[in-house]
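Structure first, commentary second.
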Amino acid sequence: MDFISYGLKAFFSTRPYGWDMIRAIRSCKTAAEERAVVRKECAAIRAAISENDQDYRHRNLAKLMFIHMLGYPTHFGQMECLKLIASSGFPEKRIGYLGLMLLLDERQEVLMLVTNSLKQDLNHSNQYIIGLALCALGNICSAEMARDLAPEVERLLQFRDPNIRKKAALCSIRIIKKVPDLAENFINPAASLLREKHHGVLITGVQLCTDLCKVSSEALEYFREKCTEGLVKTLKDMANSPYAPEYDIAGITDPFLHIRLLKILRILGQGDADASDCMNDILAQVATKIESNKNAGNAILYECVGTIMSIEDNGGLRVLAINILGRFLSNRDNNIRYVALNMLMKAIMVDAQAVQRHRATILECVKDSDASIRKKALDLVYVLVNESNVKPLTKELIEYLEASDQEFKGVLTAKICSLVEKFSPEKIWYIDQMLKVLSEAGNFVKDEVWHALIVVISNASDLHGYSVRALYRAFQTSTEQETLVRVAVWCIGEYGDMLVNNVGMLDIEEPITVTESDAVDALEVSIKRHNSDLTTKAMALIALLKLSSRFPSCSERIKDIILQNKRSFVLELQQRSIEFNCILQKHQNIRSALVERMPVLDEATFSGRRAGSLPTSVSTSTGTARNLPNGIAKPAAAPVADLLDLSSDDAPAPSSSGGDFLQDLLGVDLSSASAPPGTSQPPKAGTDVLLDLLSIGTSPPAQSSSSASNILSSIQDDKASLANLNGLASLTSLSPNATSASPAPMMDLLDGFGPSPQKKEENGPAYPSLVAYESSTLRMTFNISKQPGNPQTTLIQAIFTNLSPNVYNDFLFQAAVPKFLQLHLDPASSNTLPASGNGSITQSMKVTNSQHGKKSLVMRIRIAYKINNKDVLEEGQVSNFPRDL
């Protein structure tokens, strides 16, 4: 574009009539006036074209180019370019080629008409006309033109004039990018350009060789063997050359050529020890000799560092390169600091120990005022952290968290939480650091992070007292941090007695006096805070219900706080208030069993779910699973998913049976309540599960039935009042005369959170499992079933098992069937397949056979996945289906 603008300026400066249109357009005060002037000029140009006016053709095309640069359509003047190119004079050809480059591009079909003119001009005796043709070809060359004109361009690489050789080299770069198959034709001519003394030709020759190495392995091996020493010598001459005013920039001889030479040496040395050894000395010389007080010097040093980090191993050179990047981090120019951080991110994969020496400087960059540098430095710190330095680095990051900007707190908080969880040396340190983060930036912490903290606290039985006391202290000073309040409320509800009685005091703790009333006060504050959300208030109500059994002296006050939400406009809180009040008033005999301390949460299961190594299909409150677009089944979103207010993404998935759900929810072992010791008995269905739960295995069956009937009747009465408050039309009811002899629809104690009973259906014919595909690294098994009454439809559940020690990421299964079959694929349960058979991926599909009874099923499969960011593809055919499908 600079060449085009220069040509237009030169043309108009020698032709005063061109300025009339420009002056008229610039004098326009509105867009409408400008459009009127342009329309008038375009009409005059069209008239001249129709009259085949040859005297003013070049003037009209120049005007069209100016109009085109203003954004107006000029397609009607494209053929004028070709006519001017076909003329014999240099001035006409110059305007014709300018118009060709500006008004057309390689996608225009009319461009094919100019190929013959270009070929003639490339063979012209006038070197200036040859230069015009090369410039045009280098800008708009298409693949077809490249094939036709490549021999002429190759010949011009040996032309006597250096300017033509330079333009031919640039044109060759365009040709090999458009048609890589022509690269081998340019290898020898390009190698001869590397011996040029003219810097303009040399720099284009180096660039041509660089691009040849990228598109052709044959060219790479040729230049590596034949030209490495010559390139090293050229760079050495450049580094040691005396002052040359025609190439000098800031005291450095031709820094552009320096950079091009370093880039091609990087390509030649990568993966080749001999070539790397050949260039070690000159790279060390450039790295030590070039001064970094000017921008040109910094550019050369940056490329030198990139070359050192890319070639084969040389420990001393790499330390030198990383030290240069460390100096860059102290530079005042933000651009230099940013590229240094970017290069250090790559260098840490090669020599992490050398990068660790600049840890303090990198940490200072995290506190920089520039947002881009802050984020890039934080990413680098995240990679630098390991087991040996996690404590000091985490301390620095948490201290900066207090003073960081609001827009940066979210990113910084996520990184800190990830580091603490990944490299935590002990649970007490993990809890302390997470409390600091929650106190400073709790509102920026994601749900899975505080869920993980609760799981860790639950598993650390010797730290229950310490945790609840630390959370109570933090709650007193940071009530505005929502996630901190949630974790504190949960711990007070579970371990409130330890808080009051100072159970499990550690030597590092300061004594604290908390009464039962103080603990209740904290929960009341969390409910009445104006900025508390539904989840926090619901968790606080559950915590109050738990404390009502452990703090008998505060039971009346707790009842009053719970009743305050009886007329809440939020249905969730209203329902909890009424049901909890019913438990407190009428069911004292079972309250202590209902509000027992939560069992220890399975930390391994929780971690596996977060990592995606376990199936994440979770039942919702309606007993169904929800599939998201990414193919991973997750539960439907709800503000409060269960009694613990832990999202079902992170908590262990509840079983689909009613008894198991009640057991998970209330922490009561239903199977052992009625089974003799040492034996296992499946939970009873329907009312039997509820009767076992309410009797807790201590009362005779008749008394259990009576007790259950009374409880259910009282809950039904409260539901009736709840319906009156909310205008509900009807509520699920259960006959008070229900007994174990006459099963009724199962309903749990807390208003039917359990799944509804499923109707029995007749099963279709049974088929054995089918190993559909197996390789040395992967096995796919089909579980086949039929829909009753629909023999044409086959239901298939595919189970994928990883037989290798590597984890498969981005797992994708595809299948194709003939036209007489219709295939419907459901999303997969996960996109990550654990190694060594430690988990599996399931995916359901439905196949409808329109030729059932005549043709059997057949399927072509394709399985794609990644191992260490490398794509792997497996294909096969499944034809061993049973014939009656």
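The values are calculated or read from the model by the stated rules, or taken from the named source; none is laboratory data. Being a predicted model, the structure only gives us computed values, none of them experimental. Using ideal geometry, Cβ is built from the backbone for each residue, glycine included, and neighbour counts are taken over all protein chains shown. These area figures cover heavy atoms from the full protein model, side chains too; ligands, DNA and RNA do not enter into them. Shrake-Rupley method; radii C 1.70, N 1.55, O 1.52, S 1.80 Å.
Worth a mention:
- Verdict on Ser467 being polar (S, T, N, Q), assigned to a helix (DSSP H, G or I) and either buried (at least 20 other Cβ atoms within 10 Å of the Cβ) or out of contact with any helix residue (DSSP H, G or I) (no Cβ under 7 Å at 6 or more places or on another chain) (or both): yes
- Pairs meeting the criteria (first residue in segment 111-125 and at negative phi and without any contact (Cβ under 8 Å) to a residue 24 or more places away in the chain, second residue surrounded by 15 or more Cβ atoms within 10 Å (Cβ to Cβ) and not in a loop (DSSP other than H, G, I, E, B), beta carbons under 8 Å, at least 6 apart or on different chains) are His124/Ile130; His124/Ala133.
- Look at (1) open to solvent by 30 Å² or more (accessible area, probe 1.4 Å); (2) over 24 Å from Ala488 (Cβ atoms) and you find that Phe444 fails only one, number (2).
- Number of residues in segment 186-200 that are closer than 14 Å to Thr210 by Cα and either assigned to a loop (DSSP other than H, G, I, E, B) or aromatic (Phe, Trp, Tyr) (or both) equals 2.
- Residue in segment 770-791 that is touching a helix residue (DSSP H, G or I) at 6+ places or on another chain (Cβ under 6 Å) and surrounded by 15 or more Cβ atoms within 10 Å (Cβ to Cβ) present: no
- Residue in segment 114-124 that is of a type in the set (Asp, Glu), buried (at least 16 other Cβ atoms within 10 Å of the Cβ), assigned to a helix (DSSP H, G or I) and touching a His at 6+ places or on another chain (Cβ under 6 Å) present: no
- The single condition from (1) modelled with pLDDT of 95 or more; (2) surrounded by fewer than 21 Cβ atoms within 10 Å (Cβ to Cβ) that Ala169 fails is (2).
- Residues in segment 188-199 that are over 20 Å from Asp274 (Cβ atoms) and surrounded by 16 or more Cβ atoms within 10 Å (Cβ to Cβ): Pro189, Ala190, Leu193, Glu196, His199.
- Residues satisfying the stated conditions in segment 183-217, i.e. of a type in the set (Asp, Glu) and within 37 Å of the chain's Cα centre (by Cα): Asp211
- Each residue in segment 445-462 was checked for being of a type in the set (Asp, Glu) and without any contact (Cβ under 8 Å) to a residue 60 or more places away in the chain, and 1 pass.
- Criterion applied to Met69, Met65, Met1 was being at pLDDT below 85, out of contact with any Lys or Arg (no Cβ under 9 Å at 6 or more places or on another chain) and not hydroxyl-bearing (Ser, Thr, Tyr), and the one residue passing it is Met1.
- Set side by side, the residues Ala540, Ala474 differ, and just one is open to solvent by 10 Å² or more (accessible area, probe 1.4 Å), of a type in the set (Gly, Ala, Ser) and more than 21 Å from Pro599 (Cβ to Cβ), which is Ala474.
- Exclusive hit being farther than 29 Å from Pro189 by Cβ and open to solvent by 60 Å² or more (accessible area, probe 1.4 Å), set Lys294, Lys233: Lys294
- Checklist (1) within 20 Å of Val456 (Cβ to Cβ); (2) open to solvent by 50 Å² or more (accessible area, probe 1.4 Å); (3) not polar (S, T, N, Q) applied to Lys528, failing item: (1)
- Residues satisfying the stated conditions in segment 539-581, i.e. of a type in the set (Gly, Ala, Ser) and within 46 Å of the chain's Cα centre (by Cα): Ala540, Ala543, Ser548, Ser568, Ser577
- Residue count for segment 80-106 satisfying the condition of being open to solvent by 60 Å² or more (accessible area, probe 1.4 Å) and either free of Cβ contacts under 8 Å to residues at least 12 places away in the same chain or among the polar types (S, T, N, Q) (or both): 1.
- Residues located in segment 450-463, provided they are in a helix (DSSP H, G or I), in contact with a helix residue (DSSP H, G or I) (Cβ under 7 Å, 6 or more places away or on another chain) and open to solvent by less than 20 Å² (accessible area, probe 1.4 Å): Trp450, Ala452, Leu453, Ile454, Val455, Val456, Ile457, Leu463
- Matching residues, segment 125-142, being under 14 Å from Lys93 (Cα atoms) and open to solvent by 20 Å² or more (accessible area, probe 1.4 Å): Asn126, Gln127, Tyr128, Cys135
Yes/no matrix, rows are residues, columns are (1) charged (D, E, K, R); (2) part of a strand (DSSP E or B):
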position: Asn783; (1), (2): no, yes
position: Lys786; (1), (2): yes, yes
position: Gln797; (1), (2): no, yes
position: Asn806; (1), (2): no, no
position: Met845; (1), (2): no, yes
position: Lys854; (1), (2): yes, no
position: Asp884; (1), (2): yes, no
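- For segment 499-557, filtering for residues that are assigned to a helix (DSSP H, G or I), without any contact (Cβ under 8 Å) to a residue 12 or more places away in the chain and more than 22 Å from Arg486 (Cβ to Cβ) leaves 3.
- Lone qualifier among Leu795, Leu833, Leu873, Leu812 - being more than 29 Å from Thr605 (Cβ to Cβ) and hydrophobic (A, V, I, L, M, F, W, C): Leu873
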